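The values are calculated or read from the model by the stated rules, or taken from the named source; none is laboratory data. Just so it is clear, the structure is predicted and the values come from calculations on it, not from any experiment. Here the Cβ positions follow ideal geometry from the backbone for every residue, glycine too, while neighbour counts run over all protein chains shown. When the accessible area is computed, the model is the full protein with side chains, heavy atoms only, and any ligands, DNA or RNA have been set aside. Shrake-Rupley method; radii C 1.70, N 1.55, O 1.52, S 1.80 Å.
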Amino acid sequence: MSKIACVVTSMFEDVEYTKPVDEFKSEGHEVTTIEWEAGKEVTGKQGDATVKIDASIDDVKPEDFDALLIPGGFSPDQLRGDEKFVKFAKYFMDEKKPVFAICHGPQLLITAKSLEGRKATGFKSIAVDMEYAGVDFEDTEVVVCGNQLVTSRNPDDIPAFNRESLKLLK
C-alpha cells in the first residue's frame, strides 16, 4: 500500500480533505498530514473537519512518500508562500510520482512551476492562473495527465477525483 503525503493547513475545504483521505485509508493506504507544526490541529473553512497534523515540513522528506494529496480551499494558497512546501510538491511532479490536487490545490503546483505543458483542471477562479502557467486547462470533473497528475474542480467532482486517484495508486 502507498504512503501518501497530504500538505494541509487551516481553511482547507473540509470535504476535499475528508472524502479522499477516507477513501485512501479504506483501501489500506497510509496518509500523513504535513504542515508547519506537528501535533497542531487545523480546521477546515466550513468548520466541519479538524485535522491533527502528523509531521512538520521540517521533519519529512518527499522521497519517503509514494504520492501527494493537495486539498483545496485557502490552504494551498497559504502553503505556496513557503518555499519548503513548494520544493516538496515540485519533487513529486519532477519524479513523476502521483499527485492529487483538487479545487485550489493546483495553486501550489503553479508556484512550483510544475504544470507547464500539462492537462489539468481546478476551481474556476484559478483557471486563468493555470493558463498563464502553461496548463492546457479543461473544465471537466477530473483530468488525469501523464498517468501521474489527477486534478478536479470542486467538491462535486470528488467521486471522480477519488476514483481516478485510487486507480493511480494500484
| said: Considering only residues that are more than 27 Å from ASP94 (Cα to Cα), in contact (Cβ under 8 Å) with a residue 24 or more places away in the chain and among the acidic types (Asp, Glu), which ones fall in the stretch 19-69? | reply: ASP48
| note | The correct count of residues that are open to solvent by 70 Å² or more (accessible area, probe 1.4 Å), not basic (Lys, Arg) and not in a loop (DSSP other than H, G, I, E, B) in the stretch 78-124 is 3
| Taking the condition closer than 25 Å to THR43 by Cα and out of contact with any helix residue (DSSP H, G or I) (no Cβ under 9 Å at 6 or more places or on another chain), does ASP157 pass? | yes
| query | Which ones in the stretch 125-170 are crowded, with 18+ Cβ neighbours inside 10 Å, aromatic (Phe, Trp, Tyr) and assigned to a helix (DSSP H, G or I)? | reply | PHE161
| request: Among what's in the stretch 2-27 and is open to solvent by 50 Å² or more (accessible area, probe 1.4 Å) and not in a helix (DSSP H, G or I), pick the residue that is nearest to ASP82 (Cα to Cα). | output: MET11
| said: I'd like to know if the stretch 124-142 contains one or more residues that are of a type in the set (Val, Ile, Thr), under 27 Å from GLU30 (Cβ atoms) and in contact (Cβ under 8 Å) with a residue 40 or more places away in the chain. | reply: no
